[in-house]
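Chemist: Sharing a structure, written as structure tokens. Questions coming.
The values are calculated or read from the model by the stated rules, or taken from the named source; none is laboratory data. Note that the coordinates shown come from a computational prediction; the quantities given were computed from them, not determined experimentally. No Cβ is skipped: glycine too gets one built from the backbone with ideal geometry, and neighbour counts run over all protein chains shown.
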Amino acid sequence: MDVIERCRVLAEFTEEPGFITRTFLSEPMRAVHAQVRDWMERAGMSVAVDPAGNIRGSYPAARGAAPRLLIGSHLDTVPRAGAFDGVLGVVLGIALVERLGGRRLPFAVEVIGFSDEEGVRFGVPFIGSRALVGDVDAALLATIHDAIAAFGLDPGRIGEARLTGECLGYLEFHIEQGPALDSLGLPLGVVQSISGQTRTNVVFEGVANHAGATPMSHRRDALAGAAEWIATVESEARAIEDAVATVGRIDVSPGAANVIPGAAACTLDVRHPSDEIRRDLAQRLLRSAERIADRRCLRVSSETRADQRAVAMDPALTGALERAVANTGHPVHRLCSGAGHDAMILARRMPAAMLFLRSPGGVSHHPDETVLPEDVSAALDTGVRFLEELERVHG
Ligand code: GLV
Ligand code: MN
Ligand code: MN
């Protein structure tokens, strides 16, 4: 079965029939693990699921006591996702080990399928990779404790997910999720840096009341306040070059046609290549929420769930990846990622590099997300050359 077919197989394991929805340690992740384990074992890896729910396949080095190269991406999805975001990077990692045909390298290879990168279930992204770098603090552990236990893992042992031993670096294959490569007609791109992101929950509270009997002048409508603020989020982000800001979810209560909304809980996602500009914009948007709430006699509260700084990829490892792209006969195109990736977290602990595959139409986080077979071949060939580059350095 080829790489694209395997991604489609994993897409069958979903919380929502007819769509691909698979959040952190939800039930369908069990079937994903069983399938990924089978492919990993057939490729010659020994496989374990760590206490953070990451599936990890180890392919030994030619000699014991060698450092290892990590290759990974995530197996969770956004609601109603495409079949390739994250999954493709894991499946390509396995395919790359298969390409070795049992040949041992001077370093070991560990292929990782992270349990959470999207942050959909708990509003906190990168839970899987954060566990690898020892960044699951008491508050995060309390949040995810029951989900880990319900999946049959031991949250008390979360520390065992932490990386030990010497690591050469981390490589992540991922679809671009944007239009740049497609518009240039290029199959591959080498990531230079990844934008930071702020995720904040913002709740407007007003007073629920009768939709027929309460005059317009007497209302404290939480949703109307949130709606005004959402339009402000859009216009303030538009005014700043390279900034993006999104309210992707809003939960209204009590939620009935004939009840004035008493509360509106919104998510806010803000990104920019510069951390200073991103943080400044996020602060400004929260002040706008307060101003709008004041004027409308509403209350507003906010809780920031993630403040991930922008991260540069490692120049040396990225250089090796660029040579690998060139050696496969493809143009070396350098680009920055607006989307977040596990590589941002792994970069805290080791050199990290990322290869993007073209996203036809720039479509992602949508069922129509796709990838071209020839681009998958180009990525796999590049992976083989990349391993050869590392063999030369570490052989
Ligand atoms: C992940 O897809 C993200 O950038 O939110
Ligand atoms: Mn995603
Ligand atoms: Mn992703």
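Chemist: Looking at Gly89, Gly82, Gly93, Gly123, can you tell me which residue is more than 16 Å from Gly53 (Cβ to Cβ) and at pLDDT below 95?
Modeler: After ruling out the rest, the residue left standing is Gly123.
Chemist: Check whether at least one residue in region 193-206 is away from ligand 1 (no atom under 16 Å from the Cβ), touching a helix residue (DSSP H, G or I) at 6+ places or on another chain (Cβ under 9 Å), among the aromatic types (Phe, Trp, Tyr) and assigned to a strand (DSSP E or B), and report yes or no.
Modeler: Applying the first criterion (away from ligand 1 (no atom under 16 Å from the Cβ)) to region 193-206 yields 202-206.
With touching a helix residue (DSSP H, G or I) at 6+ places or on another chain (Cβ under 9 Å) added as a condition, the list becomes 202-206.
Of the ones still in play, those that are also among the aromatic types (Phe, Trp, Tyr) are 204.
Now restrict to residues that are assigned to a strand (DSSP E or B): 204.
Yes, some residue in region 193-206 is away from ligand 1 (no atom under 16 Å from the Cβ), touching a helix residue (DSSP H, G or I) at 6+ places or on another chain (Cβ under 9 Å), among the aromatic types (Phe, Trp, Tyr) and assigned to a strand (DSSP E or B).
Chemist: If the requirement is being within 13 Å of the chain's Cα centre (by Cα) and within 16 Å of ligand 3 (Cβ to nearest atom), which of these qualifies: Ile112, Ile127?
Modeler: Answer to the selection: Ile127.
Chemist: Tell me which residues, restricted to region 300-322, are away from ligand 1 (no atom under 16 Å from the Cβ) and crowded, with 17+ Cβ neighbours inside 10 Å. Quick ask: steps written out before the conclusion?
Modeler: Step one: filter region 300-322 for residues away from ligand 1 (no atom under 16 Å from the Cβ), giving 300-303, 312, 314-322.
Result: Val300, Asp314, Leu317, Thr318, Ala320, Leu321, Glu322.
Chemist: Of Arg291, Arg334, Arg287, which residue is touching a helix residue (DSSP H, G or I) at 6+ places or on another chain (Cβ under 8 Å), at pLDDT 95 or above and away from ligand 1 (no atom under 16 Å from the Cβ)?
Modeler: It is Arg334.
Chemist: I'd like to check which helices (runs of 4 or more DSSP H) are fully inside region 228-346 and have at least 1 residues that are under 17 Å from the mean Cα position of the chain (by Cα) and within 16 Å of ligand 2 (Cβ to nearest atom).
Modeler: Here the list reads 342-346.
Chemist: Still on this model: Output the number of the condition that Leu186 fails; it satisfies all remaining conditions of (1) more than 24 Å from Val109 (Cβ to Cβ); (2) aliphatic (A, V, I, L, M); (3) assigned to a strand (DSSP E or B).
Modeler: That leaves (3) as the condition not met.
Chemist: Quick check on my filter: what residues within region 159-181 are over 19 Å from the mean Cα position of the chain (by Cα), over 23 Å from Phe386 (Cβ atoms) and in a helix (DSSP H, G or I)?
Modeler: Within region 159-181, Gly159, Glu160 qualify.
Chemist: Can you run down the residue pairs with Cβ atoms below 9 Å, 6 or more apart or on separate chains, where the first is in region 308-330 and closer than 18 Å to Asp381 by Cβ and the partner is surrounded by fewer than 17 Cβ atoms within 10 Å (Cβ to Cβ) and acidic (Asp, Glu)?
Modeler: Filtered contacts from region 308-330: Ala324/Glu388; Asn327/Glu388.
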